[in-house]
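What follows is a set of notes on a single structure, which appears directly below.
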Amino acid sequence: MNAPDQPFDAPWQAQVFGLTVTLHDNGVFDWPTWTQALGGQLRQTDDYWQAWLAALEDMLAARGIAAPEAVDALAHRWQDAAHATPHGQPILLENAARLST
């Protein structure tokens, strides 16, 4: 549970919130469309931020901006990069290649 002065429990929640606002501000979707998508996801889960992320992913896929397969592949590359990066070093996507060598 987040503290009153911390609206997010984890950095990724703030990032997905900011991305959603930026996409709206750039005309990718309007708020009524967003609230409908988020509401649909919230009917399927009690996890607010997972619903938020799923709604955003669905909207981006529906608009041809980010296909689910591409999002999944990129997420796996980032996970591989994290595993291949020495502790204390910045995680770089190119580090994912280290696991395949």
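The values are calculated or read from the model by the stated rules, or taken from the named source; none is laboratory data. Everything numeric here is computed off the predicted structure, so don't read it as measured data. When we count neighbours, we look across all protein chains shown, and the Cβ atoms used for this are built from the backbone with ideal geometry, even at glycine.
Could you list, in sequence order, all residues of the range 1-57 that are small (Gly, Ala, Ser) and surrounded by 13 or more Cβ atoms within 10 Å (Cβ to Cβ)?
Let us first name the residues in the range 1-57 that are small (Gly, Ala, Ser), namely 3, 10, 14, 18, 27, 37, 39-40, 51, 54-55.
Selection gives Ala14, Ala37, Gly40, Ala51, Ala54, Ala55.
What's the number of the condition Trp12 fails, among (1) part of a helix (DSSP H, G or I); (2) farther than 30 Å from Ala97 by Cα?
In the conditions (1) part of a helix (DSSP H, G or I); (2) farther than 30 Å from Ala97 by Cα, Trp12 misses (2) alone.
Of all residues in the range 73-94, how many are touching a helix residue (DSSP H, G or I) at 6+ places or on another chain (Cβ under 7 Å) and not small (Gly, Ala, Ser)? So that I can check it myself, show each step before the final result.
Filtering the range 73-94 down to residues touching a helix residue (DSSP H, G or I) at 6+ places or on another chain (Cβ under 7 Å) leaves 77-78, 80-81, 83-85, 91-93.
Keeping just the survivors that are not small (Gly, Ala, Ser) gives 77-78, 80, 83, 85, 91-93.
Total meeting the criteria: 8.
Residues are listed down the side, and each one gets a yes or a no for (1) part of a helix (DSSP H, G or I); (2) not assigned by TED's automatic domain parsing to the domain that holds Glu94:
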site: Val16; (1), (2): yes, yes
site: Ala37; (1), (2): yes, yes
site: Gly40; (1), (2): yes, yes
site: Gln44; (1), (2): no, yes
site: Trp52; (1), (2): yes, yes
site: Ala61; (1), (2): yes, yes
site: Ala75; (1), (2): yes, no
site: Gln79; (1), (2): yes, no
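Tell me which residues, restricted to the range 1-48, are at pLDDT below 95 and in contact with an Asp or Glu (Cβ under 9 Å, 6 or more places away or on another chain).
Met1, Asn2
Val71 fails exactly one of the following numbered conditions: (1) at pLDDT 90 or above; (2) surrounded by 12 or more Cβ atoms within 10 Å (Cβ to Cβ). What is the number of that condition?
(1)
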